[in-house]
Amino acid sequence: MRSPVLTSLVPASARDNAAAAANPIPDRPIAALPTRLRPADLLRLTDETGEDVLAGRYDHLLPDDGRWPLVDRWAARLAADDEVDIWLISWTPEKSTKLHDHAGSLGALTVLSGALAEYRWNGSELRHRILAAGDQAAFPIGWVHDVVRASDRVAVAGRSDPRPRDPTLSVPAYSPPLTAMSYYEVTGHGNLRRTHTVLTDQPEGDL
């Protein structure tokens, strides 16, 4: 059954998109308000929205010429309200997000096509995993990771798949809607150090 949260969301209009582009700093306060949604709810929302993307229900938000960007990541907000926002991201080779968190927002994603490589800080080191098409991941408060499009030769079930993976698409969701992100680096002593924090309402950092 369709989640009542998702059915209450309205796709952003062209006017809303233009306003967001002109004013990238969100009007919402940085301090995140409590959310009634759980990681499992966000996983369900990204899965259901991903099905809608694949069914063509968001084709009006895709690049006009039908060509996905090859250099910079591309993103479109599919739906938003005061509780959650949901995006579609197209990933490009070697364009990583850098190590970051989502401030006071929970997150989750579903990979629709291609594959993503995630490098997550586990408290002592970076752990690596591949998220292939159909895979999901949830990001609780305090989750620090770097995400990049995986190589076009991704090991799947012990075999290397040489097929081209354009576009590589994912659907992430954040609750409360994203307002800030902090960036980190791993020091020479093997510790995690925060370098800076930015206001943003863009998914997974600078596109």
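The values are calculated or read from the model by the stated rules, or taken from the named source; none is laboratory data. Treat the numbers as computed from the prediction; the structure is a model and nothing was measured. Positions of Cβ are backbone-derived with ideal geometry, glycine not excepted, and every protein chain shown enters the neighbour counts. Each accessible area value is taken on the protein alone, full model and side chains, heavy atoms only, with ligands, DNA and RNA left out. Shrake-Rupley method; radii C 1.70, N 1.55, O 1.52, S 1.80 Å.
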**OP:** Out of THR92, THR110, report the one residue that is in contact with an Asp or Glu (Cβ under 6 Å, 6 or more places away or on another chain) and open to solvent by less than 40 Å² (accessible area, probe 1.4 Å).
**Re:** THR110
**OP:** Select from the stretch 108-123 the residues that are touching a strand residue (DSSP E or B) at 6+ places or on another chain (Cβ under 9 Å) and assigned to a loop (DSSP other than H, G, I, E, B) and list them in ascending order.
**Re:** GLY114, GLY123
Subject >> Residue pairs meeting the criteria (Cβ under 6 Å; at least 6 apart or on separate chains; first over 13 Å from PHE139 (Cα atoms), in the stretch 97-113; second of a type outside the set (S, T, N, Q) and surrounded by 22 or more Cβ atoms within 10 Å (Cβ to Cβ)) >> reply: THR97/VAL147; THR97/GLU204; LEU112/GLY50; LEU112/LEU169; SER113/LEU169
Original post:
Looking at ASP81, ASP65, which is the one that is farther than 28 Å from LEU192 by Cα, open to solvent by 10 Å² or more (accessible area, probe 1.4 Å), in contact (Cβ under 8 Å) with a residue 12 or more places away in the chain and among the acidic types (Asp, Glu)?
Top reply: ASP81
**OP:** Give just the number: which of (1) modelled with pLDDT under 95; (2) surrounded by fewer than 16 Cβ atoms within 10 Å (Cβ to Cβ); (3) outside any strand (DSSP E or B) does GLY134 not satisfy?
**Re:** (1)
**OP:** Any chance you could count how many residues in the stretch 49-58 are open to solvent by less than 90 Å² (accessible area, probe 1.4 Å) and not aromatic (Phe, Trp, Tyr)?
**Re:** 6
**OP:** Among residues belonging to the stretch 95-107 that are open to solvent by less than 10 Å² (accessible area, probe 1.4 Å) and part of a strand (DSSP E or B), point out the one that is farthest from THR49 (Cα to Cα).
**Re:** HIS100
Subject >> Enumeration of residues in the stretch 151-192 that are over 17 Å from the mean Cα position of the chain (by Cα), assigned to a strand (DSSP E or B) and either at pLDDT below 95 or not aromatic (Phe, Trp, Tyr) (or both) >> reply: VAL154, ALA155, VAL156, ARG159, SER160, ASP161, GLU185, VAL186, LEU192
Original post:
Based on what the data block shows, is LEU43 touching a strand residue (DSSP E or B) at 6+ places or on another chain (Cβ under 8 Å), buried (at least 18 other Cβ atoms within 10 Å of the Cβ), modelled with pLDDT of 95 or more and outside any loop (DSSP other than H, G, I, E, B)?
Top reply: no
Subject >> Long-range neighbours under 9 Å by Cβ, at least six apart or interchain, first residue free of Cβ contacts under 8 Å to residues at least 12 places away in the same chain within the stretch 121-141, second aromatic (Phe, Trp, Tyr) >> reply: ARG127/TYR119; ARG127/TRP121; HIS128/TYR119
Original post:
Which of the residues belonging to the stretch 137-150 are within 21 Å of SER105 (Cβ to Cβ) and either more than 12 Å from the chain's Cα centre (by Cα) or surrounded by fewer than 16 Cβ atoms within 10 Å (Cβ to Cβ) (or both)?
Top reply: PRO140, ILE141, GLY142, TRP143, VAL144
